[in-house]
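This report refers to the structure that appears directly beneath it.
The values are calculated or read from the model by the stated rules, or taken from the named source; none is laboratory data. Please read these numbers as outputs of a predicted model, since none were measured by experiment. Cβ placement follows ideal geometry from the backbone for every residue including glycine, while neighbour counts extend to all protein chains displayed.
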């Protein structure tokens, strides 16, 4: 072989095996921020209510086992369909809301069958089902009101209480009086039923993405932010009138994003017009991009991940500028809107967006976030066909086991943004680690492994490493390996033991295109005691 060719091949091999050394510096002298004990929460879209759970089985032992693993958590039932949902107490012979008229509205499709014939109707049904398979949560257009019976509402409460969650329910904001004010009649009926049934509530929300009410999907007159602030004050008054709801969350206004001048103005006007006093958590939604056009490389592109920073800063700064003492939440968030990106949002690679969002949110002023979704769509924690856990489920579970709510400041010299690190006091109640322990989670977005060093700690320090990789090292895997073991339920009642670290006293190597949790059990940090 030509010596020059040989040297080029050798150089290429050496470069591919090159390991970057990264110093991760942590300020261990003070707590940077503290987030909600229920920092990670989940959602189920109101469209799932409309479609009678779809393939979700709330009574399934397997589903309950997976859900209970993520407790404590809020479950938000909301989304676009919330503004078309009408509560009907089917346990009463009469109701303030005309059940008959709503049933007539709900049977639009049956009437269409009579008009266009069964053959054409069947074609229409097939198209609807095709779209639902493509994007769970798809709504028939134009939007029409649909009913949620008391019996179905009972099922929701039965599920959340059985898995140790608390319910946040999104009320219909498009029920309006001629004056433009919110018509609370149906909400009062639902709240009264909730009280009479003895149900615990985590919180209430009013409407979904009111900045989108004049859009293509929802054709409705804009509800001015000043009016919406008055409507939320009414929600708060209704909730606080019942002693059992005195501590529940009131979240809103749930804007679609925080990316343009008009939406920022809406958010500020809502908060400064009384909304900031009405809500306990000021909320906006965040997605990185459109699931219909998202590409694989977008999920680990530092420039796209950094989009979140400006949105968080805007939401937090506007909340404070409006004089509100409310916490700031990402009231609905995931990788990509439009139900997620098929074959990407439900794969290992989606974990880069998710874990970075958790770290950046906790560091920069977000008190809690609500993951869209627990079930439903390509971005769900559970597969929307089988209810088996997607990779982000296992990532979320491990995060809840190891990461506490006290956040420490991290600095890293990696100017490329491809090695991203965040640090918290360790979650001791679930993990069994002692108080004073430190948890660092690191993402390596590079095609080469990196070596992580911690200058604050001695060379003899013990590190417990939990490395997550796509099965067979594939970032497009539907399965995830934790320290080489593929994660799956032991049986329908038993989660696997995730607390089996690889222990080292040397520097920690993070494989290419992977993420890891590193626990320093003997850190003995006074701020974490």
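Observations, loosely collected:
- Condition check for residue 457: touching a residue at least 60 places away in the same chain (Cβ under 8 Å) and farther than 30 Å from residue 297 by Cβ: yes
- Every condition in (1) closer than 19 Å to residue 346 by Cβ; (2) part of a helix (DSSP H, G or I); (3) in contact (Cβ under 8 Å) with a residue 12 or more places away in the chain is met by residue 292 except one, and the failing one is (2).
- Residue within region 389-398 that is under 21 Å from residue 477 (Cα atoms), within 23 Å of the chain's Cα centre (by Cα) and in a strand (DSSP E or B) present: yes
Residue-wise test of (1) in a loop (DSSP other than H, G, I, E, B); (2) under 16 Å from residue 43 (Cα atoms); (3) touching a residue at least 60 places away in the same chain (Cβ under 8 Å); (4) not assigned by TED's automatic domain parsing to the domain that holds residue 472.
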site	(1), (2), (3), (4)
324	yes, no, no, yes
340	yes, yes, no, yes
353	no, no, yes, yes
363	no, no, yes, yes
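- Hey, residue 494 without any contact (Cβ under 8 Å) to a residue 60 or more places away in the chain and surrounded by fewer than 15 Cβ atoms within 10 Å (Cβ to Cβ) or not: no
- Within the span defined as region 408-418, one or more residues are over 21 Å from residue 307 (Cα atoms) and either at pLDDT 95 or above or not assigned by TED's automatic domain parsing to the domain that holds residue 524 (or both).
Matching residues to (1) within 16 Å of residue 174 (Cα to Cα); (2) in contact with a helix residue (DSSP H, G or I) (Cβ under 6 Å, 6 or more places away or on another chain):
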| residue | (1), (2) |
| --- | --- |
| 199 | no, yes |
| 207 | yes, yes |
| 214 | yes, no |
| 223 | yes, yes |
| 226 | yes, yes |
| 237 | no, no |
| 241 | no, no |
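- Within the set 204, 165, 182, the sole residue that is at pLDDT 95 or above and over 16 Å from residue 252 (Cα atoms) turns out to be 165.
- Among residues of region 172-193 being in a helix (DSSP H, G or I) and in contact (Cβ under 8 Å) with a residue 40 or more places away in the chain, the one that is surrounded by the fewest Cβ atoms within 10 Å (Cβ to Cβ) is 185.
- With respect to (1) surrounded by fewer than 15 Cβ atoms within 10 Å (Cβ to Cβ); (2) under 23 Å from residue 279 (Cβ atoms), the lone exception for residue 158 is condition (2).
- For region 74-94, the tally of residues that are in contact with a helix residue (DSSP H, G or I) (Cβ under 8 Å, 6 or more places away or on another chain) and surrounded by 22 or more Cβ atoms within 10 Å (Cβ to Cβ) stands at 9.
- Yes/no for residue 153 being in contact with a strand residue (DSSP E or B) (Cβ under 9 Å, 6 or more places away or on another chain), surrounded by 18 or more Cβ atoms within 10 Å (Cβ to Cβ) and either at pLDDT below 95 or in a helix (DSSP H, G or I) (or both): yes
- Matching residues, region 507-529, being within 23 Å of residue 445 (Cβ to Cβ) and part of a loop (DSSP other than H, G, I, E, B): 507, 511, 512, 513
- Listed here are the helices (runs of 4 or more DSSP H) enclosed by region 1-74 that have at least 3 residues being under 19 Å from residue 372 (Cα atoms) and either at pLDDT 95 or above or in contact with a strand residue (DSSP E or B) (Cβ under 6 Å, 6 or more places away or on another chain) (or both): 46-50, 61-68.
- Filtering 275, 207 for residues that are under 18 Å from residue 79 (Cβ atoms) and buried (at least 16 other Cβ atoms within 10 Å of the Cβ) leaves a single hit, 207.
- Tallying residues that are modelled with pLDDT of 95 or more and in contact with a strand residue (DSSP E or B) (Cβ under 6 Å, 6 or more places away or on another chain) within region 211-227 yields 0.
- All positions within region 231-262 that are under 21 Å from residue 196 (Cβ atoms), in contact with a strand residue (DSSP E or B) (Cβ under 7 Å, 6 or more places away or on another chain) and part of a loop (DSSP other than H, G, I, E, B): 248
- In region 379-388, residue farthest from the chain's Cα centre (by Cα) [restricted to those that are crowded, with 24+ Cβ neighbours inside 10 Å and within 23 Å of residue 482 (Cβ to Cβ)]: 382
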